[in-house]
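Here is the structure we will look at.
The values are calculated or read from the model by the stated rules, or taken from the named source; none is laboratory data. Please read these numbers as outputs of a predicted model, since none were measured by experiment. Here the Cβ is made from the backbone with ideal geometry for all residues, glycine too, and neighbour counts use every protein chain on show. The protein model used for the area step is the full one, side chains on, heavy atoms only, and it has no ligands, DNA or RNA in it. Shrake-Rupley method; radii C 1.70, N 1.55, O 1.52, S 1.80 Å.
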Amino acid sequence: MSEGGHVVLTGSFDRTVAVWKTGSVPSPVRRLRGHQAAVTAVACDSDGSELVSGGLDGRLLRWSSHSPDRHETLREHSRGVTALAMDRTSGDIAVGYDDGELHVQSRESHEWLQLGGSRQRVVGVSVSRAQDSLLAIRADGTIQMWELSSGALLSATAHHSPLTAAAVEWVGGLVVVGDTNYRLSVYELRRPRPAGELVGHSGWITAIGVQGGHAISAATDGTIRSWDLRTTATRSVVRPSAPVGALAVDREGRVAAGTDEGDVVLTTIREDAAAARTGWRRPVHHAAPVWAVKAVSGDVVATGSADFSVGIWAAQDARPLRVLEGHTAWVNAVAGFAAGTRVLSGSSDSTLRVWDIGSGALLGTLHGHDGWINAVAVSPDGEIAISGASDQVASVWTLEPRRRLITLVGHSAAVTGVALSKSKAVAATCSADGTVRLWRTADGAALRVIGCAHETLTPFTSVHFVSDSGALVASSLDGRIWTTDEDCVSLRLLAQVPGRVWGLAVLADGRHVAVPSIDGRLRVLSADSGAQIASCDLGTPLTACATVPGASHLVVADRHGGLHISPTPSTPELSPSAKAD
């Protein structure tokens with residue numbers, strides 16, 4: 001956000017940077033296109049005339065408000081950008097990456113300095129030429145202070161828990177960090193011990209801002225909290241209509257928060273801020289959003305969450321059975337096999353892991369991807385699996401012995417969805433590049449490319465085979481649902497639902513699809529006509545759903561870590577039979 005608060009920047013999964021004007025109702029006035037993957041970080045100078053953006057494509061781009069259709073590539077890296085900052089006085093730029101690398105550019109000399117010290121992901125960075133310092137916050141809990149003039153590491157403080165967010169106030173000499181224990185800790189920049197703790201959130205901290213002795217934080221519990229750093233007391237609590245993933249604070253205490261629905265919410269840090277809104281539901285099972293849910297049998301459901309864990313639950317009532325821990329980043333995908341006794345998980349830590357459900361034991365770890373794993377699927381006989389990742393490739397694996405057979409190369413952006421036909425002879429993949437592709441699993445041959453970026457406009461998020469027909473159904477981020485004929489020659493728009501859609505489920509009859517949306521509503525559509533058969537408002541942003549074999553209900557996951565049990569519809573009404581809370 002610019003110093004006067006009149007310009008706000010947001011980066012999105014749709015690969016664009018949006019420039020907003022902050023009137024009474026914030027509205028995007030321009031979209032900047034140049035990244036080839038999700039935009040994960042943005043920064044600007046004091047008046048918002050010069051912008052810098054970083055993405056999962058590893059590119060660092062500079063934009064000027066005077067020439068918004070042009071950009072300059074400042075840096076290219078093999079791994080994604082995870083943190084970015086600009087010194088608004090000097091114009092220096094600091095950038096941190098998923099692989100732990102840390103780079104800083106002097107605006108005066110245009111030279112880049114690479115700082116070493118760790119391979120842990122950088123989750124926050126701040127630079128001050130006046131202080132001759134750069135601060136880096138790493139996922140493992142390390143807080144590093146570097147001297148810019150020499151490139152020397154001045155200090156490395158070990159926080160007691162992994163860190164998820166950070167903010168720095170150089171004038172006040174403070175850094176505030178958020179950790180996986182739902183707490184914020186306040187450090188003085190030159191001292192190794194925390195000066196205080198801010199306690200009140202009940203979910204992971206996703207964003208922090210600091211200004212003038214006050215802090216503001218957002219978390220996966222759905223709240224934004226304002227804090228007094230002198231007393232560590234909560235000053236206000238508000239709950240936006242959607243979870244907040246990023247925020248910025250200007251010198252006057254104005255706050256701009258970006259939500260998961262693509263909106264910008266404006267508020268202020270002030271004494272008379274609104275009191276807490278009531279009626280929201282606390283995270284139920286996971287302590288962070290649930291990204292994946294799959295029924296591994298008629299009795300057991302598996303989930304993958306941003307709290308780095310795989311959850312195992314009773315399918316009838318979402319009763320917790322076991323938590324599988326070992327991943328070191330978000331678990332984005334799960335799939336069951338071996339008659340419901342094992343589960344395969346895919347994570348942002350670039351690994352696939354095989355677990356025994358009964359004992360909870362980790363049976364093996366599969367390596368090979370060079371990016372976040374977004375999707376997995378296992379063949380009906382449990383012999384092979386397929387995974388898709390942000391490294392733009394899909395991989396076919398054998399599960400016994402556990403090794404990679406084939407790499408499917410052809411997509412030009414992250415692979416976001418994968419599926420295997422019943423015969424396991426054909427694999428389907430979808431991508432943020434706007435295409436769906438078919439492959440022969442025996443040799444990796446590309447069979448067909450369906451769709452293109454200019455037809456879908458937004459990335460695909462999931463793809464599925466429909467029953468035994470060979471036809472496909474796919475979802476795209478903007479809420480559009482697509483289908484093909486049995487020959488999979490072309491995509492046809494089946495329906496569009498409000499809100500973002502991260503995935504869907506094909507019901508057991510093969511004639512209906514269940515679509516969970518960020519707008520909080522679960523809809524069941526005809527797979528032939530797209531007509532809405534039933535719907536239910538579950539009152540919280542929905543991320544994933546799955547059918548339970550042999551049962552008459554769906555399991556639906558939400559952004560607050562909860563699960564919902566709903567009946568498979570046979571009438572126009574779809575009411576939750578049970579809701580895990």
(request) Calculate one ³J(HN,Hα) per residue across the range 488-501 by plugging θ = phi - 60° into the Karplus curve 6.51 cos²θ - 1.76 cosθ + 1.60, and present them in order as whole Hz with x for glycine and proline. (result) 6, 7, 8, 8, 10, 5, 8, 6, 9, 10, x, x, 6, 10
(request) Within the set of other residues whose C-beta is less than 9 Å from the C-beta of residue 148, count the net charge using Lys and Arg as +1 and Asp and Glu as -1. (result) -2
(request) May I ask you to compute the full-extension gain from residue 78 to residue 119, defined as 0.36 nm times their residue separation minus their alpha-carbon distance, rounded to one decimal in nm? (result) 13.4 nm
(request) Quote the FRET efficiency, to the nearest 0.05, computed for residue 132 versus residue 317 with a Förster distance R0 of 60 Å and r equal to the Cβ-Cβ distance. (result) 0.55
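Normalised by the residues of the range 455-521, what does the relative contact order come to in percent, with Cα pairs under 8 Å and at least six apart?
Computed value for the range 455-521: 26 percent relative contact order.
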(request) Work out the length of the dipole vector of the chain about its Cα centre, built from +1 on the beta-carbon of each Lys and Arg and -1 on the beta-carbon of each Asp and Glu, and round it to the nearest 20 debye. (result) 440
(message) Please compute the modelled spin-label separation between residue 493 and residue 422, points set 7 Å along Cα→Cβ, answer in nm with one decimal.
(response) 3.1
(message) Just to be sure I understand the model, the point goes 7 Å from the Cα along the line to the Cβ. What's the resulting residue 29 to residue 181 distance in nm?
(response) 4.5
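Mind putting a number on the dipole of the range 116-244 about its Cα centre? Charges go on the C-beta only, +1 for Lys and Arg and -1 for Asp and Glu, and I need it in Debye to the nearest 20.
Magnitude of the dipole: close to 80 debye.
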(request) Divide by every residue of the chain the summed helix terms, -39500 (n - 2.57) for each DSSP H run of at least 4, and state the resulting mean residue ellipticity at 222 nm, rounded to the nearest 500 deg cm²/dmol. (result) 0 deg cm²/dmol
(message) With the cut-off at 1.5 for a/c, could you classify the range 282-384 from its C-alpha gyration tensor as rounded, prolate or oblate?
(response) oblate
(message) Suppose a student asked you for the relative contact order of the range 45-154, using Cα pairs under 8 Å spaced at least 6 residues apart; what percent would you report?
(response) 17
(request) Assuming R0 = 25 Å, can you tell me the calculated FRET efficiency for the pair residue 325 and residue 299, based on Cβ-Cβ distance, to the nearest 0.05? (result) 0.70
(request) Report, in debye and to the nearest 20, how large the dipole of the range 473-555 comes out about its Cα centre when Lys and Arg carry +1 and Asp and Glu carry -1 on their Cβ. (result) 240
(request) Whenever you get a sec, line up 301, 29 from highest to lowest accessible area (probe 1.4 Å, protein heavy atoms). (result) 29, 301
(request) Work through the residues other than residue 447 whose Cβ is under 13 Å from its Cβ and net out their charges, Lys, Arg +1 and Asp, Glu -1. (result) +1
(message) Can you find, among 313, 83, 430, the residue sitting farthest towards the positive end of the charge dipole of the chain, where Lys and Arg contribute +1 and Asp and Glu -1 at Cβ?
(response) 313
(message) What number do you get for the range 355-417 when its Cα radius of gyration is normalised by 2.2 N^0.38 Å, N = residues?
(response) 1.16
(request) Multiply the residue separation of residue 361 and residue 156 by 0.36 nm, subtract the distance between their alpha-carbon atoms, and state the gained length in nm to one decimal. (result) 70.3 nm
(message) Counting only other residues whose beta carbon sits under 15 Å from that of residue 358, what net charge do I get with K and R as +1, D and E as -1?
(response) 0
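If contacts are Cα pairs under 8 angstrom and at least 6 residues apart, what is the relative contact order of the chain in percent?
Reported relative contact order: 6 percent.
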(request) Using θ = phi - 60° and the Karplus relation 6.51 cos²θ - 1.76 cosθ + 1.60, list the HN-Hα couplings for the range 220-234 in order, rounded to whole Hz, with x at every Gly or Pro. (result) 6, 6, x, 10, 10, 10, 9, 10, 9, 6, 6, 9, 6, 8, 6
(request) Starting from the residue with the highest accessible area, list 52, 123 in decreasing order, probe 1.4 Å. (result) 123, 52
